[in-house]
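This report refers to the structure that appears directly beneath it.
Taken together, the values in this text are just the output of simple stated rules run on the coordinates, not laboratory data. None of these values were measured; they are calculated from a predicted model. Here the Cβ is made from the backbone with ideal geometry for all residues, glycine too, and neighbour counts use every protein chain on show.
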Amino acid sequence: DAGDPVLLPDDRFLTIAHRGASAYRPEHSIPAYLLADEMGADYIELDLQMTRDGQLAVIHDNRLDRLAGMPERVRDLTLDEMRRIPYGNHFNEENPGIADPDFAGVTFSGLSDVLSRFGNTANYYIELKDPGKWGEMEEAVLRDLTAYGIIGERDVESDPEGLPRVILQSFSEQSLIRLHELRPDIPLIRLYSFKGEAHLSSSTVRKLAGYASGVGIPAASAHSDFIEKMHDAGLAVHIFTVNDEDEIQKFIDMGADGIFTDRPDAAVRLSQRH
Ligand code: G3P
Ligand code: CA
């Protein structure tokens with residue numbers, strides 16, 4: 001047994017900048033993360049896919065068509081090849097209202113590039129996408145986090161407010177259990193995509209509480225009974241993805257512990273008013 005999961009703070013509402021401040025800048029780009037940081041987000045969110053050469057690229061999709069207008073798949077490219085693709089140009093064409101000539105130079109990043117850029121000045125909320133498809137994605141994430149000093153041999157660094165520098169998230173239970181065995185000191189969030197209202201059986205909650213620090217659930221599924229049940233088991237509840245201010249306020253009032261948002265400025269403002 002790897003031991004009990006880490007407890008996340010239960011006295012504050014976390015703003016998780018979904019793909020960076022992605023309402024305003026190209027998702028997962030360094031400028032989007034810089035803006036999230038300026039806006040006072042508690043965490044910057046990263047999705048990871050594995051490249052042909054076994055590196056971790058910061059990208060949501062497993063193909064490049066939506067973001068770069070190219071037919072390639074991430075797994076067919078090396079990280080260096082992805083680093084040369086200027087998807088900021090495509091962003092400007094697709095988003096004339098918020099296009100900016102500065103985005104033209106924006107290219108894809110590796111996890112290592114983001115960690116090297118921000119080091120211990122940001123908190124990272126990192127999703128392993130489809131970890132089952134790849135060999136050893138978990139080891140690759142831990143390797144990069146170690147290399148940039150975000151985690152030590154046996155402990156996770158904290159920010160000045162006591163928040164852990166890294167939280168790992170996945171829809172894959174298998175991947176999270178593996179991560180918990182490897183590094184019980186890292187807080188883990190199990191993602192769910194409920195069809196209707198969020199619901200987990202008591203036995204599922206017991207198992208979950210053995211390896212995870214909380215859950216991430218879709219906004220449409222969230223309700224206060226579920227949040228209470230998770231809290232009774234010591235689990236945090238983070239809601240994705242919420243951009244509307246009234247909705248953000250609703251989840252603050254509902255007792256959620258944080259939200260994923262493309263508009264961290266709005267969430268920071270509303271959560272501080274509380
Ligand atoms: O990671 C939580 C939320 O971001 C899941 O949705 O598709 O944006 O990764 P997605
Ligand atoms: Ca995500």
Problem set entry | Rg over Rh, two decimals, the chain (C-alpha only, Kirkwood Rh) | 0.95
For this session: Using a 10 Å cut-off on Cβ atoms, rank the peptides 82-90, 23-31 from the highest mean neighbour count down.
Result: 23-31, 82-90
For this session: Report the FRET efficiency, 1/(1 + (r/R0)^6), for ASP232 and LEU182, where r is their Cβ-Cβ distance and R0 is 35 Å, rounded to 0.05.
Result: 0.80
For this session: In nm, give the distance between the simple-model label positions of ARG75 and ILE98, each being 7 Å from the Cα along the Cα-to-Cβ direction.
Result: 3.1 nm
For this session: Among ALA212, ALA32, HIS18, pick out the residue whose Cα is farthest towards the positive end of the charge dipole of the chain, where Lys and Arg carry +1 and Asp and Glu carry -1 on C-beta, about the Cα centre.
Result: ALA212
Problem set entry | Separation of alpha-carbon centers, the range 115-139 and the range 26-93, rounded to whole Å | 13 Å
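Order by neighbour count: HIS60, HIS238, fewest other Cβ atoms within 10 Å first, most last.
HIS60, HIS238
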Exercise. Rounded to the nearest 500 deg cm²/dmol, what is the calculated helix-only ellipticity per residue at 222 nm for the chain, with -39500 (n - 2.57) per DSSP H run of length n ≥ 4?
Worked result: -9000 deg cm²/dmol
Problem set entry | Neighbour-count ranking [beta-carbon atoms within 10 angstrom, fewest first] of THR204, THR261 | THR204, THR261
For this session: With a/c under 1.5 counting as rounded, go ahead and sort the range 115-274 into rounded, prolate or oblate using the C-alpha gyration tensor (a ≥ b ≥ c being the square roots of the eigenvalues; past the cut-off, prolate if a/b is larger than b/c, else oblate).
Result: oblate
Problem set entry | Global form of the range 1-83, assessed from the alpha-carbon gyration tensor, a/c cut-off 1.5 | oblate
For this session: Just order 175-182, 159-166 by mean Cβ neighbour count inside 10 Å, highest at the front, would you?
Result: 175-182, 159-166
